[in-house]
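Taking it in order: structure first as structure tokens, then the write-up.
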Amino acid sequence: MTGTFVGMPAFPEAARAALADTQLRHNLAHATATIRGKRAAVVGEVEDWESLRLAGAAVKDRALRDLDQQLVTLEEQLTARGATVHWARDAAEANAIVADVARAHAVEEVVKVKSMVTQEIGLNEALEAEGIAAWETDLAELIVQLGEDLPSHILVPAIHRNRAEIRDIFRRRMATAGRPAPADLTDEPAVLAAAAREHLREKFLRAKMAVSGANFAVADTGTLVVVESEGNGRMCLTLPEVLVSVVGIEKVVPTWAELDPLLRLLPRSSTGERMNPYTSTWSGVTPGDGPQEVHVVLLDNGRSRALADDVGRQALRCIRCSACLNVCPVYERTGGHAYGSVYPGPIGAILNPLLKGTGVDEQTDALPYASSLCGACFEACPVRIDIPEVLVELRSQVVDSHREDRVPKPETAAMRGAGWMFGDAARWARLGRVSGLVGRVLGRVGGRAGPGGRRTLSRLPGPAAAWTDARDLPAPPRESFRAWWRRTDGRLDEEDQGR
Amino acid sequence: MRVALMVTCVNDAMFPGTGAAVVRLLRRLGVEVDFPEAQTCCGQPMVNTGYLDEAVPAVRSFVSAFEGYDAIVTPSGSCAGSARHQHGLVARRSGDAALGMAVAEVSPRTYELSEFLVDVLGVTDVGAYFPHRVTYHPTCHSLRMLGVGDRPQRLLSAVRGLQLTELPAADQCCGFGGTFALKNTDTSVAMGADKARHVAQTGAEVLVAGDNSCLMHVGGLLSRQRSGIRVMHLAEVLAATEDER
């Protein structure tokens, strides 16, 4: 699979570049704070949000428990309604199926509904290689595509761009892709949206084929569901003659009735709206109305691998709302590109290694560590994915994949040493005595006095420099707690205690 | 009630004053607290870095040190969270059923300091005196893993002379995150710098929290900026009395 953006460095390095981009940090802090505020307000309106979360998680868990059967039912229902169902093990198979359909109809361009899964498999690039142009019709995806950029957020792919940058992209690039931007284009949101509308309208009316994903796939009725805010998706789903929907197998919901909690959880978590403006559903072909040929590609691409992971399986509950991105302090400062994937943020940090496997490449293995484990993501997740729990599990899988390495990493040696030392209080106490000695020396000659009087160190050698490059460190105390307790039985006043 | 102090490895080695403050505070409240010397570390540094096997010895020494106590009190939301939510995982991984049973016995009796004071002892006014302008940072693991809620603020509000000012974006992580502070230094420092800026905005003289590791990180940045703002553990503020002045 194309799990990561090609050529991306591992997270710490990519993050450093992002952190240095002050415009990016400003754009992100502003945008995520706005969405956080909207989400908090509408979530607060729901009387028992926690029950709704539990209900949503239960629906997805039920679907995942007997996923094989749910998928067979879905296929039967879709086929009965006139759709052609394809199965794709990986990105290459899925892309080939879509390209085959396009070739069969001799189309040179397709319009696309915003879809994470087609980004995951690199469909646009695969179609381009076949001489077929795939045009994004979601406003933010259009900005990313015209800017020859990469998406940086699940819901708001151009979140890293501000209005002025978007105006420049439209001016520079719209003409080469179709209808040019008007000469008097300003950076007013309404003016920018109007320019995109005119540009896209030509594409909708011309296109013979559309490609979509699906937010949900209802097994018992054979219904695919897309929710959106702009209406572009609905244009793609109804105007062209041929429709291909690429659907991750984890999108299955057993019954129509079970859509209910999910359709309530998603907009509030995602856009901070009570209800999403457009909900489109389709089931195969309706004669004389809408696309007369419908293909559905059911895609695995690592999902069965994730399903086999006892702890990580819960990540397949994800409904791609992006609430975890908007509350994540790491995402807020580093942006989506640092994650090197179309799935950035906390969910990307677990989904990418789950789909791709750990111990395969350094870029993916760095992702479970791209978190301070603060837990804000779990709190925000509408389907209660315990992202910190999965992060820790994946970290252990990364470590386990290197247990047989001939030359252990310095970190491994350090952790083994710590494990050995913490297995015996006497060993740990001996280290405390050494540290106390260091503290006594530093107390006289090292560092400077910080507020409160304690000596402070500003420059340490070796690996400790990673700390003191930006942060001071208090000098070790002259006496550990343990030594003080042993000396005094905890009876002396603080003045007598060696600090 | 037999009460044990779990001082934590960071406090033992770097912040002995916090352990001493817990001892003084609990004694003042009539609780005799013991310090089992067999204790070392909760194992969290290893677990959170993915070294689950390496955490087994720490969990073993934890249960053997604290078995038989009615309550284990620790001045760390993070380490209490580790005991309550990670020790079971480590024990399961070790395949040692006896260890698993011991963990199931011990870990639910582990309390973060503010939980112990408010829930077990039932006090919010601990008779402290601290005449300073203070702001409080609710550390992530206290807030989200343990759910201590406003217990620390209730305790601080009852301290005589103390002026508590609200910290902007208080519930955002300070960026410490254990080995995250070293593995992703740049991001960690960026998060900490925003936290330090918010602390400075409050005009407080002292930043208080229930975890010295988070304070070491934010305090390290405040110190580098020569802000003049002190960091103090909640236990030390609650232990302070008028007699000491």
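The values are calculated or read from the model by the stated rules, or taken from the named source; none is laboratory data. Everything quoted here is computed from the prediction, not taken from an experiment. Glycine also receives a Cβ, built like all others from the backbone with ideal geometry; neighbour counts cover every protein chain displayed.
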Quiz item: Conditions: (1) of a type in the set (A, V, I, L, M); (2) part of a helix (DSSP H, G or I); (3) at the interface with chain A (Cβ under 9 Å from one of its Cβ atoms). Residue B:38 meets all but one. Number of the miss?
Solution: (2)
Quiz prompt | Hits in the range A:352-362 (condition: crowded, with 24+ Cβ neighbours inside 10 Å and within 21 Å of residue B:186 (Cα to Cα)) | solution = none
Quiz prompt | the range A:228-275, subset of a type in the set (Asp, Glu) and touching a strand residue (DSSP E or B) at 6+ places or on another chain (Cβ under 7 Å), residue farthest from residue A:103 (Cα to Cα) | solution = A:228
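Conditions (1) touching a Leu at 6+ places or on another chain (Cβ under 7 Å); (2) not in a helix (DSSP H, G or I), marked per residue:
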{"residue": "A:161", "(1), (2)": "no, yes"}
{"residue": "A:166", "(1), (2)": "yes, no"}
{"residue": "A:196", "(1), (2)": "yes, no"}
{"residue": "A:204", "(1), (2)": "yes, no"}
{"residue": "A:235", "(1), (2)": "no, no"}
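Just the residues that are part of a helix (DSSP H, G or I) and either under 28 Å from residue A:328 (Cβ atoms) or out of contact with any helix residue (DSSP H, G or I) (no Cβ under 8 Å at 6 or more places or on another chain) (or both), please, taken from the range A:126-159. Full working, then the answer.
Keep residues of the range A:126-159 that are part of a helix (DSSP H, G or I), which gives A:126-129, A:139-146.
Residues satisfying the conditions are A:128, A:129, A:139, A:140, A:141, A:142, A:143, A:144, A:145, A:146.
Please specify each residue of the range A:448-471 satisfying the condition of being assigned to a loop (DSSP other than H, G, I, E, B) and facing chain B (nearest Cβ under 10 Å).
At the first step, the residues of the range A:448-471 found to be assigned to a loop (DSSP other than H, G, I, E, B) are A:450-454, A:458-461, A:469-471.
A:450, A:451, A:452, A:453, A:454, A:458, A:469, A:470, A:471, listed by residue number.
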Quiz item: What do you reckon, is residue B:46 in contact with a Gly (Cβ under 7 Å, 6 or more places away or on another chain), at pLDDT 95 or above and at the interface with chain A (Cβ under 9 Å from one of its Cβ atoms)?
Solution: yes
Quiz item: Pick from the range A:431-447 the residues that are among the hydrophobic types (A, V, I, L, M, F, W, C) and within 30 Å of residue B:90 (Cα to Cα): which of them is farthest from the other protein chains (Cβ to nearest Cβ)?
Solution: A:434
Self-check item: Of all residues in the range B:174-187 being within 21 Å of the chain's Cα centre (by Cα), of a type outside the set (A, V, I, L, M, F, W, C) and at the interface with chain A (Cβ under 7 Å from one of its Cβ atoms), the one that is farthest from residue B:229 (Cα to Cα)
Solution: B:177
Practice problem: Answer yes or no: is there a residue in the range A:90-100 that is loosely packed, with under 15 Cβ neighbours inside 10 Å and at positive phi. | Solution: no
Practice problem: Filter the range A:470-498 for residues that are among the charged types (D, E, K, R) and modelled with pLDDT under 90 and give the result. | Solution: A:489, A:491, A:493, A:494, A:495, A:496
Self-check item: Every pair of residues 6+ apart whose Cβ atoms lie under 9 Å, when the first sits in the range B:218-233 and is at positive phi while the second is surrounded by fewer than 19 Cβ atoms within 10 Å (Cβ to Cβ) and of a type outside the set (Asp, Glu)
Solution: B:228/A:451
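Having 2 or more residues that are within 8 Å of chain B (Cβ to nearest Cβ) and among the aliphatic types (A, V, I, L, M) is the bar; report the helices (runs of 4 or more DSSP H) wholly within the range A:363-430 that clear it.
Working: elements: A:376-380, A:387-400, A:410-422.
The helices (runs of 4 or more DSSP H) meeting that bar are A:387-400, A:410-422.
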Exercise. Inspect the range A:264-278 for any residue being out of contact with any helix residue (DSSP H, G or I) (no Cβ under 7 Å at 6 or more places or on another chain), more than 16 Å from residue A:155 (Cβ to Cβ) and outside any loop (DSSP other than H, G, I, E, B) and give the result as yes or no.
Key: no
Self-check item: Options A:107, A:113, A:117, A:98; residue that is among the hydrophobic types (A, V, I, L, M, F, W, C), in contact (Cβ under 8 Å) with a residue 60 or more places away in the chain and in contact with a Ser or Thr (Cβ under 6 Å, 6 or more places away or on another chain)
Solution: A:113
Quiz item: Of all residues in the range A:308-358, which are at pLDDT 95 or above, in contact with a Gly (Cβ under 6 Å, 6 or more places away or on another chain) and not in a helix (DSSP H, G or I)?
Solution: A:328, A:344
Self-check item: Complete set of residues in the range B:197-228 that are crowded, with 24+ Cβ neighbours inside 10 Å, under 16 Å from residue B:132 (Cβ atoms) and at the interface with another protein chain (Cβ under 9 Å from one of its Cβ atoms)
Solution: B:219, B:222
Quiz item: Going through the range A:1-25 one residue at a time, which ones are in a helix (DSSP H, G or I) and either crowded, with 16+ Cβ neighbours inside 10 Å or without any contact (Cβ under 8 Å) to a residue 40 or more places away in the chain (or both)?
Solution: A:11, A:12, A:13, A:14, A:15, A:16, A:18, A:19, A:20, A:22, A:24, A:25
